[in-house]
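Below is the structure I would like to discuss, written out as structure tokens.
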Amino acid sequence: MAGRKATAADLGAYICFEDEAGQGLRPPKGRTWAPRGARPVVTVRGKGSGRVNIAGVVCYRPGHRPHLLYKLLIYHGRKDEPKSFTWSDYRDLIVTVHQQLGTPLIWCWDNLNVHLAAELARFAEANADWLRIYRLPAYAPELNPAEGIWSLMRRSMANFVVTDLTALVRIVKRKLKKIQYRPHLIDGCLAQTGLIIEETTVTT
């Protein structure tokens with residue numbers, strides 16, 4: 001990370017880590033309280049191919065509050081409906097983050113095929129004055145603090161009950177919003193990776 005930190009310091013940039021997650025209508029399993037000897041039962045629909053896909057970005061800059069931003073893609077299971085994010089969805093996400101933070105971006109993500117799209121490479125080249133894109137090492141999700149966001153989200157969603165995608169979207173947005181307003185949780189996701197983003201001091 002040393003080279004990227006130097007680049008970020010030179011640009012006055014946020015270092016942004018992007019990752020994807022998804023949630024269907026069947027809830028993640030979790031622990032809860034119940035009377036001794038009585039197993040709690042949560043009734044769900046158990047059917048439906050709908051899914052909420054999430055592209056999330058955690059952004060860090062020394063001396064500033066960390067940020068979590070995200071984009072949702074709702075898949076209803078219909079024929080010819082896109083199931084995942086396209087390169088243009090990622091481009092729009094990068095632009096949105098840049099506009100909201102108002103600084104250059106050091107953008108870090110994995111080697112997902114769509115991340116390597118030629119269109120995104122051309123976009124990055126055309127906007128090199130405020131954007132640098134780096135790929136994280138292959139098979140190293142432990143280096144991406146965005147993974148910690150998904151862990152927090154799923155833990156808080158354990159055993160939820162919804163009847164349709166509209167309700168699921170409300171839950172996902174509510175859980176992510178709670179994380180957005182708790183910067184110590186976002187900082188904790190970075191700490192779990194072992195990466196350190198700190199201010200550099202220039203002496204003459």
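Values quoted throughout were computed directly from the atomic coordinates according to the rules given, and no laboratory measurement underlies them. Every value quoted in this text rests on a predicted model; they were computed, and no experiment measured them. Don't worry about glycine lacking a Cβ; one is built from the backbone with ideal geometry, like all the others, and counts go over all protein chains shown.
List Y181, Y75, Y70, Y134 from most exposed to least, where exposure is judged by having the fewest other Cβ atoms within 10 Å.
With the sparsest Cβ surroundings first, the list reads Y181, Y134, Y75, Y70.
From the backbone phi of the stretch 148-163, what are the Karplus-calculated ³J(HN,Hα) couplings (6.51 cos²θ - 1.76 cosθ + 1.60, θ = phi - 60°) in whole Hz, Gly and Pro given as x?
Result, ordered by residue: x, 5, 5, 4, 4, 5, 5, 4, 7, 9, 4, 6, 5, 10, 9, 10 Hz.
How do 13-24, 91-102 rank on mean C-beta neighbours within 10 Å, highest first?
Descending mean neighbour count gives 13-24, 91-102.
A further question follows. What is the fewest-to-most order of H184, H64 by other Cβ atoms lying within 10 Å of their Cβ?
Taking fewest neighbouring Cβ atoms as first place, the list is H184, H64.
Where does each of I197, I186 land when they are ranked from fewest to most other beta-carbon atoms within 10 angstrom?
Listing I197, I186 from fewest to most nearby Cβ atoms yields I197, I186.
Then there is this: Please give the Cα centre distance for the stretch 139-160 versus the stretch 56-88, rounded to the nearest Å.
When both Cα centres are located, 14 Å separates them.
Another question about this same structure. What are the residues whose amide H is under 5 Å from the amide H of L105, where those residues sit 5 or more places off or on another chain and H is modelled from the backbone?
Counting only residues 5 or more places away or on other chains, the set is L131, R132.
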